[in-house]
Amino acid sequence: MILTEESVRKIKEKLQQYPQPKSVILPALTVAYRQVGYVDADIYREISHIINIPTVEVAEAATFYTMFAKKPRGKYLIQVCHNISCALLGADSLIGYIEEKLGIKIGETTEDNLFTLVTVECLGSCATAPMMQINQDYYEKLTKEKVDQILEDLRSKA
Amino acid sequence: MFYSPVRTNAAEVAQSNRLHLFRYVEDPEQVKVEKFEEHGGYVAWKKVLAEMEPSQVIEEVKNSGLRGRGGAGFPTGLKWSFVPKDSPKPRYLCCNADESEPGTCKDRVLMERDPHAIIEGMAIASYAIGCHQMFIYIRGEFAHCADCMEKAMKEAYEHGHLGKNIHGSGFDLDMIVHTGGGAYICGEETSLLNSIEGERGMSRIRPPFPAIEGLYSCPTIVNNVESLASVPHIINHGAGWYKSLGTEKSCGSKIFSLSGHVKQPGNYEVELGFSLKKLIYDKDYGGGILGDKKLKGVIPGGSSTPFLTPDMIDIKLDYESLVEGGSMLGSGAVIVFHEDTCIVWVIKRLIRFYRHESCGKCTPCREGTAWLEELINRIEAGRGKPGDVEKVEEICGNILGHTVCPLGDAAVMPILSTLKLWRDEWQYHIDHGKCMVKTDFEFK
Ligand SMILES: Cc1cc2nc3c(=O)[nH]c(=O)nc-3n(C[C@H](O)[C@H](O)[C@H](O)COP(=O)(O)O)c2cc1C
Ligand code: SF4
Ligand code: FES
């Protein structure tokens with residue numbers, strides 16, 4: 001079992017709430033993703049057992065939703081928004097700055113497996129651009145100084 | 001303090017007896033049910049339960065002139081009235097908190113700072129349509145908003161605003177906070193319903209409309225966060241009061257998300273009909289263009305709406321005026337860019353987004369956005385060929401009006417508007433293999 005007891009309990013709780021079990025696919029994927037950091041065939045199978053829906057239906061939904069990473073990544077997933085409002089305030093230069101700082105390109109992971117850098121579309125933080133999301137957390141109104149601080153804090157926490 | 005440092009005009013709203021949505025959004029205690037109640041929260045909900053018939057609630061909202069704040073501007077009360085009165089099936093209400101239209105960041109403020117206002121609006125709407133199980137669909141990336149809503153929901157149950165036999169009325173109502181998986185298309189109401197059902201978030205062909213056959217094939221109403229948050233104010237102050245706000249056909253107030261090259265980006269609640277120019281330049285709102293540069297263009301209603309040039313911004317922000325001015329109110333996301341912005345550079349970002357978000361159900365949208373992206377990337381990279389501008393136009397024409405859901409149109413209408421407004425710049429790109437204006441925004 002990959003999913004912890006806590007995760008299974010959360011998924012079962014959702015089963016109680018929803019009118020139909022199939023609706024629990026997305027909530028279950030969310031629980032799994034939060035716990036594991038990605039979802040894959042083994043996880044689809046476990047979810048399918050818990051909610052009693054064929055594995056293929058879980059997989060079908062999972063592959064549609066891009067937020068759920070399909071393979072392991074660094075401990076911290078840095079997601080920089082490169083959509084219009086952020087781009088107007090220097091998102092491209094922000095991405096370049098992080099690439100240089102971490103010595104990786106978009107899509108890559110640092111050697112210590114700590115950081116993975118990706119670009120994402122608008123995250124609903126346009127009036128506090130430029131911004132990035134690291135794992136679940138938003139970091140808004142970014143400056144070089146702030147980025148330095150954030151990455152340093154994460155590194156020392158790891 | 002607050003999760004997001006975004007600027008609001010709560011101070012102005014607190015002084016006004018017309019603006020109302022943002023009154024308490026700078027009060028960190030407002031998220032707690034006790035504070036919300038102290039500020040008059042759940043009074044409308046109790047009033048509805050004690051004194052009003054569902055049909056009276058629908059009538060009141062109809063008379064208020066409230067129109068959907070999610071993009072299409074459909075009259076809210078009228079939509080509710082489409083739910084069949086005699087259907088034996090359960091009915092559902094889904095609050096649309098997908099908020100993914102580039103430029104839009106308003107619903108988030110309400111979820112993070114005044115979540116009970118949304119729950120109260122959802123409850124009243126549920127009562128009006130005879131729904132006992134309501135949902136809020138929050139985009140997956142907004143984990144913090146989902147946490148806020150979960151917390152508020154728990155408190156609402158504890159204080160007897162949700163659950164069984166609410167405030168002794170005999171009315172039962174449950175709520176589910178549902179989070180998505182990062183797909184813009186799930187903001188489209190039929191995709192949203194598929195997504196709650198555990199399906200891929202593809203749009204459904206209409207009819208049937210959700211009000212007749214929606215979630216689990218039952219009558220369903222989908223409304224935007226801001227639309228629903230407006231409802232308690234209508235109940236408290238009356239339809240007549242609400243109707244007196246804004247313009248004759250665009251009633252009430254609306255939150256505008258102002259972003260891009262302005263000095264003071266933020267979320268501002270103003271009455272509909274407010275001047276776009278004032279929103280951008282006034283010291284209490286946008287405060288003018290970054291670096292005092294010259295304005296080049298504005299996208300007035302989110303990335304899916306046609307662009308405006310500086311000579312077009314002396315315009316009122318309401319549904320009718322913007323259509324007359326060649327664009328749309330959309331989600332109320334005003335994106336501003338100054339003279340150092342290449343128009344092809346802007347469009348390259350938008351088309352990448354729409355191609356990425358196309359659900360793939362219909363060929364014109366799936367294939368068309370892919371071709372457009374390739375072609376526009378080529379032009380932007382300086383490898384455009386004679387005739388490419390016409391080709392962009394032709395592909396746009398093949399998408400426009402030929403798709404299952406409005407995403408296809410949303411992708412091409414902004415492009416077509418720039419071909420009209422800045423055609424010389426597109427052509428320059430092809431003739432000279434580079435931008436007419438150097439675009440390089442530094443982040444400091
Ligand atoms: C591609 C697409 C994305 C949409 N995204 C949203 C959204 O994020 N939030 C929203 O409220 N409405 C969105 N809508 C509009 C919804 O389909 C629907 O009209 C709206 O939620 C109805 O609520 P309202 O009448 O209160 O505005 C979107 C529509 C389309 C076509
Ligand atoms: S227009 Fe695009 S997003 Fe909408 S249904 Fe067709 S392919 Fe899907
Ligand atoms: S454009 Fe970056 S958060 Fe909206």
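The values are calculated or read from the model by the stated rules, or taken from the named source; none is laboratory data. What you are looking at is a predicted structure, and each value in this text was computed from that prediction instead of being measured. In this analysis, Cβ positions are derived from the backbone assuming ideal geometry, glycine residues included, and neighbour counts consider all displayed protein chains. These area figures cover heavy atoms from the full protein model, side chains too; ligands, DNA and RNA do not enter into them. Shrake-Rupley method; radii C 1.70, N 1.55, O 1.52, S 1.80 Å.
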**Prompt:** Projected onto the charge dipole of chain B (+1 at Lys/Arg Cβ, -1 at Asp/Glu Cβ, origin at the Cα centre), which of B:Phe82, B:Tyr354, B:Val13 gives the Cα projection farthest towards the positive end?
**Reply:** B:Tyr354
**Prompt:** Quick one: with all protein chains in place, what share of the accessible area of segment A:19-74 is carbon or sulfur, to the nearest percent (1.4 Å probe)?
**Reply:** 52 percent
**Item:** Heavy-atom accessible surface that A and B bury in contact, both chains counted, 1.4 Å, Å² to 100
**Value:** 4500 Å²
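Longer than 19 Å from Cα to Cα, which of A:Lys146/B:Lys294; B:Lys47/B:Lys154; A:Lys141/B:Lys254; B:Lys249/B:Lys316 are they? Say none if no pair is. Intermediate values should be presented prior to the final figure.
On the way: A:Lys146/B:Lys294 29 Å; B:Lys47/B:Lys154 22 Å; A:Lys141/B:Lys254 24 Å; B:Lys249/B:Lys316 12 Å.
Going by Cα-Cα distance, A:Lys146/B:Lys294; B:Lys47/B:Lys154; A:Lys141/B:Lys254 fall outside the 19 Å limit.
In peptide B:94-105, how many Cβ atoms from other protein chains are near each Cβ within 10 Å, on average? Intermediate results must be reported in sequence, preceding the final value.
Numbers: counts 0, 0, 0, 1, 1, 3, 5, 3, 11, 8, 5, 11.
Partner-chain Cβ atoms within 10 Å, mean over residues of B:94-105: 4.
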**Asked** At a probe radius of 1.4 Å, what is the per-residue accessible area of B:Asp311, in Å² to the nearest 10?
**Response** 120 Å²
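Rounded, prolate or oblate for segment A:76-157? Axes are the square roots of the Cα gyration tensor eigenvalues, ordered a ≥ b ≥ c, and the cut-off for rounded is a/c under 1.5. It would help to have the intermediate numbers written out before the result.
Details: a/c = 1.67, a/b = 1.49, b/c = 1.12.
Prolate is the answer for segment A:76-157, as a/c is 1.5 or above and a/b outweighs b/c.
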**Request:** Evaluate peptide B:131-144: per residue, the Cβ atoms of other protein chains within 10 Å of its Cβ; return the mean as an integer.
**Result:** 3
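Mind ranking B:Asp340, B:Asp98 by accessible surface for me, highest first, 1.4 Å probe?
Numbers: B:Asp340 50, B:Asp98 5 Å².
The residues order as B:Asp340, B:Asp98, largest area first.
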**Prompt:** Leaving out ligands, DNA and RNA but keeping every protein chain, what accessible area does B:Arg204 have, in Å² rounded to the nearest 10, with a 1.4 Å probe?
**Reply:** 50 Å²
**Complete:** Checking rank on B:142-148, A:12-18, with mean other Cβ inside 10 Å and highest first, the result is B:142-148, A:12-18
**Prompt:** Just in segment A:75-154: which GluC sites (Glu not before Pro) are loop by DSSP and have at most 11 other Cβ atoms within 10 Å?
**Reply:** A:Glu111
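Among the trypsin sites (Lys or Arg not before Pro) in segment B:65-165, which ones are in a DSSP loop with at most 13 other Cβ atoms within 10 Å of the Cβ? Mind listing them?
In loop regions of segment B:65-165 (DSSP not H, G, I, E or B), the sparsely surrounded trypsin sites (Lys or Arg not before Pro) are B:Lys85, B:Lys164.
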**Asked** Rounded, prolate or oblate: which fits chain B when a ≥ b ≥ c are the square roots of the eigenvalues of the alpha-carbon gyration tensor, with rounded for a/c under 1.5 and prolate only if a/b beats b/c?
**Response** prolate
**Complete:** Counting other chain Cβ atoms within 10 Å of each Cβ in A:18-30 and taking the mean gives 6
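Do any GluC sites (Glu not before Pro) in segment B:1-110 lie in a DSSP loop with no more than 14 other beta carbon atoms within 10 Å, and if so, which?
Passing both the DSSP loop test and the Cβ count: B:Glu29.
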**Prompt:** Any residues in segment B:235-284 that have 20 Å² or more less accessible area with all protein chains than in their chain alone, probe 1.4 Å, and which are they?
**Reply:** B:Ser259, B:Gly260, B:His261, B:Pro265
**Request:** For segment B:310-331 and segment B:99-122, compute the distance between their C-alpha centroids and round to whole Å.
**Result:** 24 Å
**Fill in**
In Å², rounded to a whole number, the accessible area per residue of segment A:5-64 with probe 1.4 Å is 47 Å²
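For an R0 of 45 angstrom, estimate the FRET efficiency from the Cβ-Cβ distance between B:Glu324 and B:His432 and round to the nearest 0.05. Before the final figure, lay out each step's value.
Values: r = 36 Å, r/R0 = 0.79.
Calculated value: 0.80.
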**Listed residue pairs exceeding 21 Å between alpha carbons, taken from A:Lys144/B:Lys263; B:Lys243/B:Lys277; A:Lys10/B:Lys89; B:Lys62/B:Lys85; B:Lys278/B:Lys444; B:Lys89/B:Lys164** = B:Lys243/B:Lys277; A:Lys10/B:Lys89; B:Lys278/B:Lys444
**Prompt:** Which residue fluctuates the most in chain B, going by a Gaussian network model with Cα springs under 10 Å, if the choices are B:Ser195, B:Ser275, B:Ser64?
**Reply:** B:Ser275
**Prompt:** Between A:Tyr138, A:Tyr76, A:Tyr44, which gets the highest mean-square fluctuation from a Gaussian network model of chain A, Cα cutoff 10 Å?
**Reply:** A:Tyr138
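In debye, nearest 20, what is the charge dipole magnitude of the protein assembly as shown about its Cα centre with +1 on Lys and Arg Cβ and -1 on Asp and Glu Cβ, if you could check? Intermediate results must be reported in sequence, preceding the final value.
Working: 68 positive and 81 negative charges, 76 e Å.
In debye, rounded to 20, the protein assembly as shown gives about 360.
Work out, in µm²/s and without decimals, the Stokes-Einstein translational diffusion coefficient of segment B:358-406 at 4 °C, 1.567 mPa s, Rh from Kirkwood over C-alpha pairs. Write down the numbers at each step before the final one.
Details: Rh = 11.3 Å.
Once the numbers are plugged in, D ends up at 115 µm²/s.
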**Item:** Centre separation in Å (Cα based) which lies between segment A:1-74 and segment B:31-46
**Value:** 36 Å
**Centre separation in Å (Cα based) which lies between segment B:340-386 and segment B:174-252** = 30 Å
